[in-house]
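See structure below.
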Amino acid sequence: MIDKRFCLQICGYGSARMLCLTTGRNIESEEDVTQLWMAPEMLADRRHIGSKAADAFSTALVILEIFTRSTPMDVILESESSCTHAIENLLTLRGPRIPIGYEVPKVLHDILNDCVSPHIRERPPLRHLMQKIEHLFPKKGFLDKILSRLQKYSEELEMKVAAQTQVSMSEFIVCVFYFCLNCLQELFDEQLKVDTLLKQMIPPEFVNKLRNKEPVLTEAFDCVTLMFSDMPEFGGIVTKSSPLQLIFLLNSVYSTIDQLLESFDVYKVETINDSYMVVSGLPQRNGDQHVVEISRMALSLIEIRLVSPVDGAPLHLRIGIHSGPCVAGIVGIRTPRYCLFGDTINVASRMETNGEASRIHVSPSVKELLTVVGGFVLQSRGKITIKGKGEMETYWLLGRQSDHSTH
């Protein structure tokens with residue numbers, strides 16, 4: 001056998017099956033077959049652990065196989081009615097197990113004869129055999145010579161197969177073309193799946209950069225609007241639901257919100273338990289429109305009727321919104337994620353945790369931006385204590401002015 005480093009290794013793996021195929025005889029023992037390549041002294045003494053002289057004998061047989069394309073199976077078993085009987089007669093065999101014919105270069109005749117001699121002392125060291133081979137092939141390595149012979153044999157085999165199947169070259173080219181076309185289509189489909197998955201984890205504009213190993217720079221944004229939402233009832237649901245039921249519930253809620261996202265210029269950042277984080281104004285800047293997009297989306301979310309798929313109980317969203325500066329960039333190598341950093345994220349989270357079910361709680365910066373833009377109705381909640389910020393006057397986002405003017 002030849003390993004991946006193109007080093008020749010002698011072993012008996014598969015020899016029994018090969019013998020069955022070539023001779024039609026039933027061989028039960030792999031060990032019996034390998035004896036066809038063993039030196040006589042190893043056959044005579046089962047306790048023999050091998051020697052350099054025995055290695056020279058087996059190596060010479062392998063070299064004769066390469067040149068003559070014959071094996072001890074072909075020669076020894078040709079005149080025997082039984083494989084077991086043939087192996088028993090190896091010790092009394094007078095002629096060589098593989099005859100040294102015209103295919104073998106004359107310069108190797110003597111040394112190969114000596115190597116396969118039944119007398120140990122007549123066998124030369126392996127290095128002498130290798131020196132002869134190197135002298136015979138000075139410009140081309142012995143391995144290259146073997147590979148060229150294998151290539152020639154492969155070409156002959158292909159010609160025989162082509163002649164038997166009567167496959168023309170044009171038909172062969174067409175088959176190869178359609179095979180390659182199918183492979184390319186499968187590769188394209190798999191690449192599309194990977195791209196779709198990546199675009200759900202990070203913004204689409206960064207996918208090609210990561211694939212091409214280009215650096216994705218961290219970017220600062222002067223003003224964006226973030227929205228956090230959660231379900232106040234979730235804590236109670238956790239205590240009386242199984243893990244599978246919780247996953248089923250969250251998947252149902254998240255899927256509903258994901259579908260709504262497609263109608264607005266927003267980007268889903270992440271979900272943690274029942275908390276859902278969305279931002280507008282990054283990675284693509286949209287002027288002052290970010291506060292409008294998030295506010296419109298929050299109002300649409302409040303109108304959605306959510307029901308627990310576990311027990312049918314109604315679910316309510318608690319939403320908090322804040323606008324301000326932040327920094328964003330790709331974090332991680334094995335599982336890259338698009339993450340946001342800055343105090344704006346903390347304040348937006350505080351707006352959500354200090355809010356109420358089915359209401360939209362917004363910060364003073366959101367109120368100022370919406371007042372400039374116009375078209376929204378807000379109500380002061382008064383001053384409340386925000387962790388890390390002290391007292392802050394916050395507001396409820398009630399709806400659009402057009403909706404309130406009709407009532």
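The values are calculated or read from the model by the stated rules, or taken from the named source; none is laboratory data. Everything quoted here is computed from the prediction, not taken from an experiment. No Cβ is skipped: glycine too gets one built from the backbone with ideal geometry, and neighbour counts run over all protein chains shown.
Which residues, counting only those in the stretch 260-299, are among the β-branched types (Val, Ile, Thr), farther than 21 Å from Ile330 by Cβ and out of contact with any Cys (no Cβ under 9 Å at 6 or more places or on another chain)? Those that are among the β-branched types (Val, Ile, Thr), farther than 21 Å from Ile330 by Cβ and out of contact with any Cys (no Cβ under 9 Å at 6 or more places or on another chain): Val292, Ile294. Residue count for the stretch 96-112, restricted to those that are assigned to a helix (DSSP H, G or I) and surrounded by 14 or more Cβ atoms within 10 Å (Cβ to Cβ): 3. The condition (being loosely packed, with under 13 Cβ neighbours inside 10 Å and in contact with a strand residue (DSSP E or B) (Cβ under 9 Å, 6 or more places away or on another chain)) is satisfied by just one residue among Thr218, Thr225: Thr218. Scanning the stretch 180-225 for residues that are outside the structural domain of Ala348 (by TED's automatic domain parsing) and touching a Cys at 6+ places or on another chain (Cβ under 7 Å) yields a count of 0. Give the residues of the stretch 207-239 that are hydrophobic (A, V, I, L, M, F, W, C) and outside any strand (DSSP E or B), sorted by residue number. Scanning the stretch 207-239 gives Val207, Leu210, Val216, Leu217, Met231, Phe234, Ile237, Val238. Scanning the stretch 250-284 for residues being surrounded by 14 or more Cβ atoms within 10 Å (Cβ to Cβ), assigned to a loop (DSSP other than H, G, I, E, B) and among the charged types (D, E, K, R) gives a total of 2. Sub-8 Å Cβ pairs linking a first residue in the stretch 322-335 that is more than 30 Å from Leu370 (Cβ to Cβ) to a second residue that is of a type outside the set (S, T, N, Q) and assigned to a strand (DSSP E or B), at least 6 apart or interchain, are Ile330/Arg337; Ile330/Tyr338; Ile330/Cys339; Val331/Arg337; Val331/Tyr338; Val331/Cys339, ordered by first then second residue. Exactly one residue out of Val238, Val176 is of a type in the set (A, V, I, L, M), over 18 Å from the mean Cα position of the chain (by Cα) and exposed (fewer than 11 other Cβ atoms within 10 Å of the Cβ), and it is Val176. Kindly provide the set of residues from the stretch 285-302 that are touching a helix residue (DSSP H, G or I) at 6+ places or on another chain (Cβ under 8 Å) and surrounded by fewer than 17 Cβ atoms within 10 Å (Cβ to Cβ), ordered by number. Once the filter is applied, which keeps residues that are touching a helix residue (DSSP H, G or I) at 6+ places or on another chain (Cβ under 8 Å) and surrounded by fewer than 17 Cβ atoms within 10 Å (Cβ to Cβ), the stretch 285-302 yields Asn286, Asp288, Ser300. In the stretch 218-237, the residues that are within 20 Å of Val291 (Cα to Cα) reach residues that are among the hydrophobic types (A, V, I, L, M, F, W, C) and surrounded by fewer than 18 Cβ atoms within 10 Å (Cβ to Cβ) with C-beta atoms within less than 9 angstrom, at least six apart or across chains, in these pairs: Glu219/Val327; Ala220/Val327; Phe221/Val327.
Screening the stretch 352-387 for residues that are in contact with a helix residue (DSSP H, G or I) (Cβ under 7 Å, 6 or more places away or on another chain) and in a loop (DSSP other than H, G, I, E, B) and picking the one that is farthest from Ser323 (Cα to Cα) gives Ser358.
Any residue that is closer than 30 Å to Ile330 by Cα, modelled with pLDDT of 70 or more and outside any helix (DSSP H, G or I) - is there at least one of those in the stretch 188-206? Yes, the stretch 188-206 contains a residue that is closer than 30 Å to Ile330 by Cα, modelled with pLDDT of 70 or more and outside any helix (DSSP H, G or I).
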